[in-house]
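Notes to accompany the following structure.
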Amino acid sequence: MRMVRAHIARFGVGPDGRLFRAVRGGRLTSNEYSEIWSEARQVVLREQELRTAPTEVPYSLRHAADSLWTESGMDPVEAAYRAGHSLAVLHRFYAKLLTGGPAGRCQPAR
């Protein structure tokens with residue numbers, strides 16, 4: 001939280017409340033942050049971590065979080081809310097995780 005507060009103190013927020021925005025104040029696109037994301041990965045991740053899919057693009061981290069939450073037994077409505085999408089989207093893209101499986105491991109839906 002200290003880092004977020006320091007960022008807000010230094011840069012403020014956009015008119016819509018966004019912490020990070022494009023040069024002209026709009027929404028960041030993947031083209032704008034992909035180069036910085038790639039450089040940051042090189043600095044903070046170990047060699048083995050660099051080869052993992054969840055770190056390739058920021059969206060993969062969202063997918064990993066949804067997967068972890070649902071596999072851990074979080075209420076799907078809460079998981080969808082935290083991820084910023086609808087329950088329908090959660091079920092459409094993560095249904096394979098919601099079926100459960102042996103020893104607490106999730107199995108693909110059949």
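The values are calculated or read from the model by the stated rules, or taken from the named source; none is laboratory data. Worth saying up front: this structure is predicted, and the values here are computed from it rather than measured. A quick note on method: Cβ atoms are made from the backbone with ideal geometry, for glycine too, and the neighbour counts reach across all protein chains shown. SASA here: full protein model, heavy atoms, side chains in, ligands and nucleic acids out. Shrake-Rupley method; radii C 1.70, N 1.55, O 1.52, S 1.80 Å.
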- Out of (1) in contact with a Ser or Thr (Cβ under 9 Å, 6 or more places away or on another chain); (2) of a type in the set (Asp, Glu); (3) touching a residue at least 12 places away in the same chain (Cβ under 8 Å), what's the single condition that is false for Asp66? (1)
- Name the pairs: first residue in region 34-51 and farther than 18 Å from Ala22 by Cα, second residue of a type in the set (Lys, Arg) and at pLDDT below 85, Cβ to Cβ under 7 Å, at least 6 apart or on different chains? none
- Which residues, counting only those in region 33-69, are open to solvent by 100 Å² or more (accessible area, probe 1.4 Å) and within 17 Å of the chain's Cα centre (by Cα)? Ile36, Glu56, Tyr59, Leu68
- So how many residues does region 75-100 have that are at pLDDT below 80 and open to solvent by 40 Å² or more (accessible area, probe 1.4 Å)? 4
- Query: Which one of Gly26, Gly17 is over 15 Å from the mean Cα position of the chain (by Cα), surrounded by 12 or more Cβ atoms within 10 Å (Cβ to Cβ) and part of a loop (DSSP other than H, G, I, E, B)?
  - Reply: Gly26
- Scan region 69-95 residue by residue and report those that are closer than 18 Å to Tyr59 by Cβ and not in a helix (DSSP H, G or I). Gly84, His85, Ser86
- Unmet requirement for Ser72, which otherwise passes all of (1) open to solvent by less than 70 Å² (accessible area, probe 1.4 Å); (2) of a type in the set (S, T, N, Q); (3) under 24 Å from Leu90 (Cβ atoms): (1)
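Yes or no, residue by residue, for (1) of a type in the set (Phe, Trp, Tyr); (2) touching a Ser or Thr at 6+ places or on another chain (Cβ under 9 Å); (3) at pLDDT below 90; (4) at negative phi:
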position: Arg24; (1), (2), (3), (4): no, no, yes, yes
position: Thr29; (1), (2), (3), (4): no, no, yes, yes
position: Tyr33; (1), (2), (3), (4): yes, no, yes, yes
position: Glu39; (1), (2), (3), (4): no, no, yes, yes
position: Gln48; (1), (2), (3), (4): no, no, yes, yes
position: Val57; (1), (2), (3), (4): no, yes, yes, yes
position: Leu61; (1), (2), (3), (4): no, yes, yes, yes
